[in-house]
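The values are calculated or read from the model by the stated rules, or taken from the named source; none is laboratory data. Predicted model only: the values in this text are computed from it and were never measured. Virtual Cβ from ideal backbone geometry, glycine too; neighbours counted across all protein chains shown. The accessibility values were calculated without ligands, DNA or RNA, using every heavy atom of the protein model including side chains. Shrake-Rupley method; radii C 1.70, N 1.55, O 1.52, S 1.80 Å.
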Amino acid sequence: MGTNKRYPHVAGQRGEERALREARKRGPLRTLDATQLRLHAQPVTIVPDQMTVWGYAWLQFGDANVRCVVQVKRWTADAVGVQVTIDDETMRCWIWQGACQRINSPTDAW
């Protein structure tokens, strides 16, 4: 079977969706806790609704780690608040900044 020349990113996108579904079966999406975030002691930058910031991040579901495309919704000096949609369910969590790399569009990761 040949490659998809018009939409070369589709195979990577489908693979990522499969990996996210499988990881979600291994446990809930993990997030940083209040002690780690220290939101009371540092400013939080919130991405405006009309703007989309993409990232390529490591997420943890139970004991399973998955690297996937996320939408960055907010950040602090140490952490990033991200959002991912799996089968029409939107999930949010906080991760360490080092676990997220900014990308220009989702297709950059696939």
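Observations on the model:
- Test: residue in segment 10-18 that is part of a strand (DSSP E or B) and either crowded, with 17+ Cβ neighbours inside 10 Å or hydroxyl-bearing (Ser, Thr, Tyr) (or both): no
- Complete set of residues in segment 33-58 that are open to solvent by 80 Å² or more (accessible area, probe 1.4 Å) and in a strand (DSSP E or B): Ile46, Trp58
- Checking each residue in segment 48-103 for being touching a residue at least 60 places away in the same chain (Cβ under 8 Å) and farther than 22 Å from Glu22 by Cα picks out only Trp96.
- Within segment 59-110, if we keep just the residues that are more than 13 Å from the chain's Cα centre (by Cα) and among the aliphatic types (A, V, I, L, M), the residue that is surrounded by the fewest Cβ atoms within 10 Å (Cβ to Cβ) turns out to be Ala77.
- Residue list for segment 19-32, restricted to those being surrounded by 11 or more Cβ atoms within 10 Å (Cβ to Cβ) and without any contact (Cβ under 8 Å) to a residue 40 or more places away in the chain: Arg26, Gly27, Pro28
- Checked against the criterion of being modelled with pLDDT under 95 and in contact with a helix residue (DSSP H, G or I) (Cβ under 7 Å, 6 or more places away or on another chain), the candidates Trp94, Trp58, Trp110 yield just one match: Trp110.
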